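Heads up, the thing below is written out as structure tokens.
The values are calculated or read from the model by the stated rules, or taken from the named source; none is laboratory data. The model shown is predicted, which means the values in this text are computed figures rather than measured ones. Positions of Cβ are backbone-derived with ideal geometry, glycine not excepted, and every protein chain shown enters the neighbour counts. The protein model used for the area step is the full one, side chains on, heavy atoms only, and it has no ligands, DNA or RNA in it. Shrake-Rupley method; radii C 1.70, N 1.55, O 1.52, S 1.80 Å.
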Amino acid sequence: MTPLLQPDHPYLRLRHRMARHALLQFLASLKNSLEILLFCFMPVLLGLFAMIALPLMAAMTLAWPLALAALATQALLVAMPVILLRRRLHPAACTAWARALPIPPALGWTADALVAGLLVGPLTAVYAVSMGIWLYQWPLWLRPIAGQAVAATMLSLLLGWLLATVVLARRRQPILRSRAAGRAVEGQHPGSTGIHHALAETANAPAAGPALAAAAPDQKGARPDGYTPSTLHPFHLALWHRLFWLPCWRADNAAGVQQTVLLLAALAGVVLWVWHPAAVIPTALWGAYASLMLILLTDRGDKAVREQSTLLHPVLASWPVAARPLLLGARAFSLLPALLVLSSFALLMARVPPQAYKPQLAHSWLLAALAATGAIVGLDLGPRGRVVLVALSALILTAIGSEVWK
């Protein structure tokens, strides 16, 4: 094999094999999803592959601030797979172990660039195919700016590779002492998940009773002098806040940020669907985008709640607390973002003249969206059944939404 495919240094081989194994595991976890998505959306995916290089190439015809914004956006999109999978590509256990080794900085940067190339490389091939399609078509608008378009696309790929390398390199940096001290707040070990802290506060709640106070560990010696346990009121809502809401924003858990981004994307999709300002983009496409974001928002939120429930199940089993209402309430709360999106759609449509759309179909879309989101949260399906439910929900909502506007 070539040195690029078979690194000579043991550390480079370790990082290459670890990243390759993580990617294979990730693809194996998506097996059921990929089967359904490829079956339902294969023509759409092929069209997206052909169009992937078009936005930046067309941006070369705009003013230079807009062209630079398009260049930066595409560089970020190129690095996004590495950013999302950084914890798989370089796990925290490996970074902690490697900090004690005499690894030169140049070798660490080389390993990060090699790992980033495992994802950016195939994406570069997709961009090359897309550019080749447009250069073969040779439309009139492309002829004066063909050189600039190709150069901008290549520059965006290089910048995306550099950004991905920097993201991986940041994981090799030693943990600052202030961060380690912050994680040890309230007497917790830096690796603590916060469950013992919630248990200590729960022990002071009247609803839990003396038995729960006896079950809570004695943390008087570990707590700072200024700390006083507070009463949980209302009890189940406070428990949900500590056990389900706060963990989504702490440590390496990206569920909170992910749900915020999906919520903003779904709200923006609904606003653009109702407003549909650009005549170039069909209104049905905005409806498909809003429907897909709504389903993804509900699916990812419900998955985060189910994963957290699985982690908490052994702990809750030892508490003298009724865990079922707490878990059911947490799953019900995962519907709130979807209800916010649907309420926004209903309020926006109330301001639209009835002759501009079909009210019956708008009501049908709302009812179908409520049924789909409720089924995603309420039904306990296997991995394949859940993927089928999500795909069918997106297709049905897209089909109904495409006929809402006259």
Worksheet item: Among the residues of segment 39-63, which ones are open to solvent by 70 Å² or more (accessible area, probe 1.4 Å) and modelled with pLDDT of 70 or more?
Response: M42, P43, L46, L48, F49, M51, P55, T61, L62
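Report whether or not L24 is open to solvent by 70 Å² or more (accessible area, probe 1.4 Å), at pLDDT 85 or above, among the aliphatic types (A, V, I, L, M) and outside any loop (DSSP other than H, G, I, E, B). If you could, list the steps in order and put the result at the bottom.
Working: open to solvent by 70 Å² or more (accessible area, probe 1.4 Å): yes; at pLDDT 85 or above: yes; among the aliphatic types (A, V, I, L, M): yes; outside any loop (DSSP other than H, G, I, E, B): yes.
In short, yes.
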Worksheet, complete the sentence: Residues of segment 129-148 being surrounded by 15 or more Cβ atoms within 10 Å (Cβ to Cβ) and among the small types (G, A, S), in sequence order, are S130, A146
Worksheet item: Is it true that A75 is of a type in the set (G, A, S) and over 16 Å from the mean Cα position of the chain (by Cα)?
Response: yes
Discussion item. Scan segment 107-125 and tell me whether some residue there is among the aromatic types (F, W, Y), under 27 Å from the mean Cα position of the chain (by Cα) and over 16 Å from T165 (Cβ atoms).
Written reply: no
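With a cut-off of at least 3 residues that are in contact with a Ser or Thr (Cβ under 7 Å, 6 or more places away or on another chain) and open to solvent by less than 30 Å² (accessible area, probe 1.4 Å), name the helices (runs of 4 or more DSSP H) lying wholly within segment 238-341. Reasoning before the result, please.
Details: elements: 255-275, 283-317, 323-333.
By residue number, 283-317.
Would you point out which residue out of P247, P277, P282 is modelled with pLDDT under 90 and within 16 Å of the chain's Cα centre (by Cα)?
P247
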Item to complete: Look at segment 354-367 and say how many of its residues are open to solvent by less than 30 Å² (accessible area, probe 1.4 Å) and closer than 17 Å to Y289 by Cα.
Response: 2
Worksheet item: Which numbered condition trips up D112, out of (1) at pLDDT below 90; (2) under 18 Å from A169 (Cα atoms)?
Response: (1)
Fill in: Some residue of segment 347-357 being at pLDDT below 90, touching a Phe, Trp or Tyr at 6+ places or on another chain (Cβ under 6 Å) and not in a helix (DSSP H, G or I)
yes
Worksheet item: Just checking, how many residues over segment 48-73 are farther than 15 Å from W134 by Cβ and in a helix (DSSP H, G or I)?
Response: 10
Worksheet item: Out of the residues in segment 149-191 that are modelled with pLDDT of 85 or more and closer than 18 Å to N253 by Cβ, which is surrounded by the most Cβ atoms within 10 Å (Cβ to Cβ)?
Response: V167
Item to complete: Residue by residue through segment 94-115, note down the ones that are part of a helix (DSSP H, G or I), in contact with a helix residue (DSSP H, G or I) (Cβ under 9 Å, 6 or more places away or on another chain) and touching a residue at least 60 places away in the same chain (Cβ under 8 Å).
Response: C94, A98, L107, G108, W109, T110, A111, D112, L114, V115
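Going by the conditions given, is R88 over 30 Å from A169 (Cβ atoms), open to solvent by 50 Å² or more (accessible area, probe 1.4 Å) and not β-branched (V, I, T)? Quick ask: steps written out before the conclusion?
Working: over 30 Å from A169 (Cβ atoms): no; open to solvent by 50 Å² or more (accessible area, probe 1.4 Å): yes; not β-branched (V, I, T): yes.
So R88 fails the test.
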